[in-house]
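What follows is a set of notes on a single structure, which appears directly below.
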Amino acid sequence: RGSVFRAAGVPHPDAGAPTSEPFTGWPATAGDCPAGIYPAQFRSGSLLQRCWVTGIETAGNNVSACLDADGNNQCDWRATNPLAQFAFPFTNSYAASGDAVPDRQAAVTNLFYWNNVLHDWLYSLGFDETSGNFQADNYGRGGFGVDAVQADAQDGAGLNSANFATPPDGSAPRMQAYLFTDNGSFRRRDSTFDGDVLTHEYIHGLTLRLVGGPFNTNSLPLWQSGALGEGWSDAYAASFTSDPVIGEYLSATPATGIRSVAYNNSPYTFGRFGVLYRRNVGPLNLIIDLPQVHRDGEIWATVLWDLRAALGKTTFEQLVTNALKLTPSRPSMLDARTALLQAAPALGVSPCAVWTVFAGRGFGASAALNHIQSGLTNDTALSVYEAFDPPASCGGAPPQT
């Protein structure tokens, strides 16, 4: 067990107090691991060899969670208890005084818990061994092991961010959760305690292993594909917590969090791609609108939140995960839309229901990429044509020229 902020209902300290939660699989059951995920020896062995924990530290088959205060990608230490009872108090000292040290063991424990929860949740959606998930031992089920997540709490390598580095299947990814400083844009917070951020980062691992296959982890590198990656990460985090605001715990503007909109109140359509990031540039201090993957990702997360509202949480999450496996490497947003349409019938979802949502945001049947330079891939397109028409098979008609 551990004292943590319970997934998915209490994703951060502002949402509720920590509680004692079992480290025996998710959703929490009567002290047993989910049989479809963990072999028998992990469900009936000693209490120090159950599901998530191997021994007396915050380490197991899915994740090794450590403190990395000096930011050198080496484990300073793991949270430890001789009975694997990780009941460390949370004092909120960093927010109160700027001193993160008193909550280090609680931070490592929370990071370990959330990474394991996300492993089990995504496994249930099909992110298993053959799909390239993150496990030290794949139990002979296919894929390559030796790639449990290396998760670093209060990582000293940066500030005001978090990340998830994803190598190909068989090499371990690394999650780095940084401290957020009180710099006028962010409140003084520890991202290790923000489930939105931890989920967002873990989903980068999911999408990089599924889009284009588990050995092609350079599948989402540029403007459209990179924006898709950020949008998927936000959409999964919002769906998991049932909250359309991302990162409100870290942000000085909790109504929209660390994004420009709450996804249930977003005006963005496909035609806004590439112009949401406004900056002053050059010696003349010109105001110019630029592509930027986080801002453009808000467009994709917006239409996915609409799709969740139309289909319901359970169907939405399964559909998006199935569609990732059909999405080609280096996709445009239109490619990702097509993969969702291809995946819909197998779940009993009407393609017209999907078309209705996407047409409503400018991803209709006539939507297009205006220009792709010769020899380049779809994800390099910066100019797009938005259209709001479903196909004729769903009662639509092309817009007039």
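The values are calculated or read from the model by the stated rules, or taken from the named source; none is laboratory data. Just so it is clear, the model here is predicted, and its values are computed rather than measured. Quick reminder, even Gly has a Cβ in these numbers, built from the backbone with ideal geometry, and neighbours come from all protein chains shown. When the accessible area is computed, the model is the full protein with side chains, heavy atoms only, and any ligands, DNA or RNA have been set aside. Shrake-Rupley method; radii C 1.70, N 1.55, O 1.52, S 1.80 Å.
Identify, please: which residue in the stretch 355-366 is aromatic (Phe, Trp, Tyr) and open to solvent by less than 30 Å² (accessible area, probe 1.4 Å) and is, among those, nearest to Phe273 (Cα to Cα)?
Per the stated criteria, the residue is Phe363.
Hey, can you tell me all the residues within the stretch 89-103 that are closer than 17 Å to Phe186 by Cα and either touching a strand residue (DSSP E or B) at 6+ places or on another chain (Cβ under 7 Å) or at pLDDT 95 or above (or both)?
Within the stretch 89-103, Asn92, Ser93, Tyr94, Ala95, Asp99, Ala100 meet the criteria.
If the Cβ limit is 6 Å and pairs must be 6+ apart or interchain, which residue in the stretch 372-401 that is farther than 19 Å from Arg272 by Cα pairs with which residue that is open to solvent by less than 70 Å² (accessible area, probe 1.4 Å) and modelled with pLDDT under 95?
Hits for this filter: Pro390/Gly396.
Regarding Ala106, is this residue open to solvent by less than 20 Å² (accessible area, probe 1.4 Å), within 21 Å of the chain's Cα centre (by Cα) and of a type in the set (Gly, Ala, Ser)?
No: the conditions fail for Ala106.
Suppose the filter is of a type outside the set (Phe, Trp, Tyr), touching a Phe, Trp or Tyr at 6+ places or on another chain (Cβ under 6 Å) and touching a residue at least 60 places away in the same chain (Cβ under 8 Å); does Asp190 pass it?
Taking the combined requirement at face value, the residue satisfies it.
Can you tell me which residue in the stretch 172-204 is surrounded by the fewest Cβ atoms within 10 Å (Cβ to Cβ), limited to those that are of a type in the set (Lys, Arg) and at pLDDT 95 or above?
Top of the filtered list is Arg174.
Read through the list (1) touching a Leu at 6+ places or on another chain (Cβ under 6 Å); (2) in contact (Cβ under 8 Å) with a residue 60 or more places away in the chain; (3) closer than 30 Å to Pro27 by Cα, then give the number of the only condition that Thr217 fails.
Thr217 satisfies all of (1) touching a Leu at 6+ places or on another chain (Cβ under 6 Å); (2) in contact (Cβ under 8 Å) with a residue 60 or more places away in the chain; (3) closer than 30 Å to Pro27 by Cα except (2).
For the condition under 17 Å from Asn265 (Cβ atoms) and at pLDDT 95 or above, what is the one hit in Leu304, Leu340?
Leu304
Check off (1) without any contact (Cβ under 8 Å) to a residue 12 or more places away in the chain; (2) surrounded by 23 or more Cβ atoms within 10 Å (Cβ to Cβ) for Val149 and give me the number that stays unchecked.
Only one criterion in (1) without any contact (Cβ under 8 Å) to a residue 12 or more places away in the chain; (2) surrounded by 23 or more Cβ atoms within 10 Å (Cβ to Cβ) is unmet by Val149, namely (1).
Output the residue which, of all residues in the stretch 347-368 that are touching a residue at least 40 places away in the same chain (Cβ under 8 Å) and either more than 29 Å from Gly312 (Cβ to Cβ) or part of a loop (DSSP other than H, G, I, E, B) (or both), is farthest from the chain's Cα centre (by Cα).
Filtering the stretch 347-368 for residues that are touching a residue at least 40 places away in the same chain (Cβ under 8 Å) and either more than 29 Å from Gly312 (Cβ to Cβ) or part of a loop (DSSP other than H, G, I, E, B) (or both), the one farthest from the chain's Cα centre (by Cα) comes out as Ala367.
Tell me yes or no: at least one residue of the stretch 305-314 is among the acidic types (Asp, Glu) and open to solvent by less than 10 Å² (accessible area, probe 1.4 Å).
Scanning the stretch 305-314, I find no residue that is among the acidic types (Asp, Glu) and open to solvent by less than 10 Å² (accessible area, probe 1.4 Å), so the answer is no.
Answer yes or no as to whether Ser242 is under 20 Å from Pro13 (Cα atoms), touching a residue at least 60 places away in the same chain (Cβ under 8 Å), among the small types (Gly, Ala, Ser) and open to solvent by 30 Å² or more (accessible area, probe 1.4 Å).
yes
Condition first: at pLDDT 95 or above and surrounded by fewer than 17 Cβ atoms within 10 Å (Cβ to Cβ). Now tell me which residues in the stretch 367-381 satisfy that.
Ala368 - this is the single residue of the stretch 367-381 that is at pLDDT 95 or above and surrounded by fewer than 17 Cβ atoms within 10 Å (Cβ to Cβ).
Answer with yes or no whether Leu208 is within 15 Å of Phe164 (Cβ to Cβ) and in a loop (DSSP other than H, G, I, E, B).
For Leu208, the condition - within 15 Å of Phe164 (Cβ to Cβ) and in a loop (DSSP other than H, G, I, E, B) - is not met.
With Leu324, Leu311 as the choices, which residue is at pLDDT 95 or above and under 18 Å from the mean Cα position of the chain (by Cα)?
Leu324
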